Amino acid sequence: MTPPRRQRRDLAAEPPTPKEGEDKPGNPERMYVVAGPDGERAELDLVTLIVARATDPPPSASPEQAALLRLCAAPLSVAELSAYLNLPFSAMGVLLTELLTAELVQARAPIVRKARTDRSLLEAVMNGLQRL
């Protein structure tokens with residue numbers, strides 16, 4: 001019988017330990033502070049476009065809400081906002097619901113492109129133009 005081989009740990013590969021008072025990455029308490037308690041949420045999906053109605057955030061807005069308002073000067077999807085602010089979709093839904101309730105942002109349905117035009121119609125138009 002052979003003894004099991006011992007593997008050495010690479011100390012450089014271990015993640016650094018957080019200092020006192022620092023949040024751990026992915027700490028759920030941080031998301032609760034950002035999003036607040038669960039309540040009713042607006043019907044949003046990842047491709048819903050968000051546009052700010054007000055350019056300046058109110059003084060009572062949280063830092064995340066102020067950042068959302070600044071980013072939404074031009075229409076952005078919920079997925080883009082989530083990526084820019086590095087927040088999960090669930091927290092983004094709560095923040096956007098609060099802003100929608102306060103009428104600081106407007107949610108728009110995504111622009112859906114129409115189905116492709118029927119090829120026979122295009123051929124008929126082309127044939128008609130060639131006859132002229």
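The values are calculated or read from the model by the stated rules, or taken from the named source; none is laboratory data. Here the structure is a predicted model, which means the values were calculated and not measured. So basically every Cβ, Gly included, is an ideal-geometry build from the backbone, and we count neighbours across all protein chains shown. Areas reflect the complete protein model, heavy atoms only, side chains present, ligands, DNA and RNA absent. Shrake-Rupley method; radii C 1.70, N 1.55, O 1.52, S 1.80 Å.
Can you tell me which residue in the stretch 78-132 is least open to solvent (accessible area, probe 1.4 Å), limited to those that are basic (Lys, Arg) and free of Cβ contacts under 8 Å to residues at least 40 places away in the same chain?
Start the filter on the stretch 78-132 by keeping residues that are basic (Lys, Arg), which leaves 108, 113-114, 116, 119, 131.
With free of Cβ contacts under 8 Å to residues at least 40 places away in the same chain added as a condition, the list becomes 113-114, 116, 119, 131.
On the way: Arg113: 209, Lys114: 189, Arg116: 227, Arg119: 173, Arg131: 199 Å².
Going through the qualifying residues, I end up with Arg119.
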All but one of (1) in a loop (DSSP other than H, G, I, E, B); (2) in contact with a Phe, Trp or Tyr (Cβ under 7 Å, 6 or more places away or on another chain) hold for Pro110, so report the exception by its number.
-> (2)
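How many residues are touching a residue at least 60 places away in the same chain (Cβ under 8 Å), open to solvent by 30 Å² or more (accessible area, probe 1.4 Å) and closer than 18 Å to Leu104 by Cα when one looks only at the stretch 45-77? Let's see the steps before the verdict.
In the first step, residues of the stretch 45-77 are kept if they are touching a residue at least 60 places away in the same chain (Cβ under 8 Å); the result is 47-49.
Filter once more, so that each one left must be open to solvent by 30 Å² or more (accessible area, probe 1.4 Å): 47, 49.
Adding the requirement that they be closer than 18 Å to Leu104 by Cα leaves 49.
Residues meeting the conditions: 1.
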Qualifying positions in the stretch 46-67 - of a type in the set (Ser, Thr, Tyr) and at pLDDT 85 or above = Thr48
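Rundown of residues vs (1) in contact with a Lys or Arg (Cβ under 8 Å, 6 or more places away or on another chain); (2) in a helix (DSSP H, G or I); (3) more than 19 Å from Leu44 (Cβ to Cβ), yes/no style:
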{"site": "Asp56", "(1), (2), (3)": "no, no, yes"}
{"site": "Ser60", "(1), (2), (3)": "no, no, yes"}
{"site": "Glu64", "(1), (2), (3)": "no, yes, no"}
{"site": "Ala79", "(1), (2), (3)": "no, yes, no"}
{"site": "Ala91", "(1), (2), (3)": "no, yes, no"}
{"site": "Thr97", "(1), (2), (3)": "yes, yes, no"}
{"site": "Val125", "(1), (2), (3)": "no, yes, yes"}
